[in-house]
1. Restricting attention to the range 137-147, and to residues there that are surrounded by 15 or more Cβ atoms within 10 Å (Cβ to Cβ) and under 25 Å from V166 (Cα atoms), which single residue is modelled with the lowest pLDDT?
2. Of (1) open to solvent by less than 20 Å² (accessible area, probe 1.4 Å); (2) in a helix (DSSP H, G or I); (3) at pLDDT 85 or above, T35 satisfies all except one. Which?
3. Return the residues of the range 51-66 that are touching a helix residue (DSSP H, G or I) at 6+ places or on another chain (Cβ under 6 Å), surrounded by fewer than 19 Cβ atoms within 10 Å (Cβ to Cβ) and part of a strand (DSSP E or B); say none if nothing qualifies.
4. Kindly indicate the residue of the range 118-136 that is under 15 Å from V58 (Cβ atoms) and among the aliphatic types (A, V, I, L, M) and also least open to solvent (accessible area, probe 1.4 Å) among those meeting that condition.
5. Is one or more of the residues making up the range 292-304 modelled with pLDDT under 80 and either in a helix (DSSP H, G or I) or in contact with a helix residue (DSSP H, G or I) (Cβ under 7 Å, 6 or more places away or on another chain) (or both)?
6. Given the criterion surrounded by fewer than 18 Cβ atoms within 10 Å (Cβ to Cβ) and not aliphatic (A, V, I, L, M), identify the matching residue among G187, G181.
7. Specify the residue that is least open to solvent (accessible area, probe 1.4 Å); the eligible residues are those in the range 97-117 that are closer than 14 Å to G55 by Cα and either touching a Pro at 6+ places or on another chain (Cβ under 9 Å) or of a type in the set (V, I, T) (or both).
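The values are calculated or read from the model by the stated rules, or taken from the named source; none is laboratory data. What you are looking at is a predicted structure, and each value in this text was computed from that prediction instead of being measured. A quick note on method: Cβ atoms are made from the backbone with ideal geometry, for glycine too, and the neighbour counts reach across all protein chains shown. For the accessible areas, the whole protein counts, side chains as well, though only heavy atoms, and no ligand, DNA or RNA atoms are used. Shrake-Rupley method; radii C 1.70, N 1.55, O 1.52, S 1.80 Å.
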Amino acid sequence: MSKLGNLGARLHRGEIGYDFVKNRKIWYGISILITITAIVGLAVRGLNMGIDFQGGAVFTTPKNTSVSVSRAEEYATEASGHEAIVQKLGNGSLRIQIAGIDTDKSNQIKDELAKDLKVDAEQINADLIGPSWGDQIANKAWQGLGIFLVLVVIYLAIAFEWRMAVAAFVALIHDITITVGIYALVGFEVTPGTVIGLLTILGYSLYDTVVVFDSLKEQTKDITKQTRWTYSDVANRSINSTLVRSINTTVVALLPVAGLLFIGGGVLGAGMLNDISLSLFVGLAAGAYSSIFIATPLVADLKEIEPQMKALKKRVLAKRAQAATAGVSPDAQVTDEEPVDEPEDDEAHAVVGPRTQPASRNRGRGRPSGKRR
């Protein structure tokens, strides 16, 4: 077995692990700092909305146009008075995109471009996009996002419980805010492809969260009938048992997206790939982070507000304090209570505390031998 596979098996069995839940205040602080930075970037720089949302015109020149991209951008900016985005297509033609212009002036801009580019005006194809159409796209995008979030909350509340639904909702809002803030800071253009990528990463983020929640739900059955683990202990074990799986799925998903973003968009200059690849790359990374460091610790916080979980935590801590005073493990006490998915390896203390031999093995020790007289 590979080292990563062996690590995953030991994490799943509870032999080793990291206490994510105990250090949740650190993760909350990091997330709040990142979120504030994203909000400030969004407020200061704003989003670079594409032509589909602002309205404008797209001009396509004939094949094998000899003018360079930089020169064409200068001509288009002078002709329209607005910043232009020019891309060279595979057949040698130029795609000139000018957002925020009055569509009534498109013919005038077209004639000036034909003169500067030294081509026939009739050979330039003009596609006009009105601002009302862009508003419709934006409204549909917000509606789709709202419906998605509502359905997610309803599903999780039915399949799990409302606390998990709230935690998943917070994690999704966290991912959306960070992704949108990165777009504002980087200045990439927001297009319908960006919206598609944003909705896609929400599905990935939700998948990782549900995997951990499913493990947590299974391991917390009848948790109040024992006094070994608190809810936070079991929540932490659920994260560790699915940690390698979450990392593997995230890395596998990030590799092709990174190829689109850094190679396709950066090296090869296919700028249109940036629209969807940046939202996917940032969103996938943020989604993996939130499912581990935000959603599950938040569920533990919400659950331990309940009176039953408060009482359980009090009993567990009292038992541990008593065992520490006696110098033995709390698990060494004789009890009829069933453990919650207890690992059977002696190294489980790496996650939730030390273990010793069962108390039944100590029965009879110290008693005198022979018949009582």
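1. So in the range 137-147, the residues surrounded by 15 or more Cβ atoms within 10 Å (Cβ to Cβ) come out as 137-138, 141, 145.
Okay, now just the ones that are also under 25 Å from V166 (Cα atoms), so 141, 145.
Details: A141: 77, L145: 81.
In this case the residue turns out to be A141.
2. For T35, the exception is condition (1).
3. Scanning the range 51-66 gives no hits.
4. Restricting to residues being under 15 Å from V58 (Cβ atoms) and among the aliphatic types (A, V, I, L, M), the top hit is I124.
5. The answer is no, given that none of the residues of the range 292-304 is modelled with pLDDT under 80 and either in a helix (DSSP H, G or I) or in contact with a helix residue (DSSP H, G or I) (Cβ under 7 Å, 6 or more places away or on another chain) (or both).
6. Numbers: G181 fails: surrounded by fewer than 18 Cβ atoms within 10 Å (Cβ to Cβ).
The match here is G187.
7. The initial filter retains those residues of the range 97-117 that are closer than 14 Å to G55 by Cα, namely 97-106.
With either touching a Pro at 6+ places or on another chain (Cβ under 9 Å) or of a type in the set (V, I, T) (or both) added as a condition, the list becomes 98, 100-101, 103.
Working: I98: 0, G100: 39, I101: 19, T103: 45 Å².
If we take residues in the range 97-117 being closer than 14 Å to G55 by Cα and either touching a Pro at 6+ places or on another chain (Cβ under 9 Å) or of a type in the set (V, I, T) (or both), then I98 is least open to solvent (accessible area, probe 1.4 Å).
The rows are residues; the columns are (1) in contact (Cβ under 8 Å) with a residue 60 or more places away in the chain; (2) more than 30 Å from A141 (Cα to Cα).
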| residue | (1), (2) |
| --- | --- |
| K22 | yes, yes |
| I26 | no, yes |
| D52 | yes, no |
| G55 | yes, no |
| K63 | no, yes |
| V67 | no, yes |
| S70 | no, yes |
| G81 | no, no |
| G92 | no, yes |
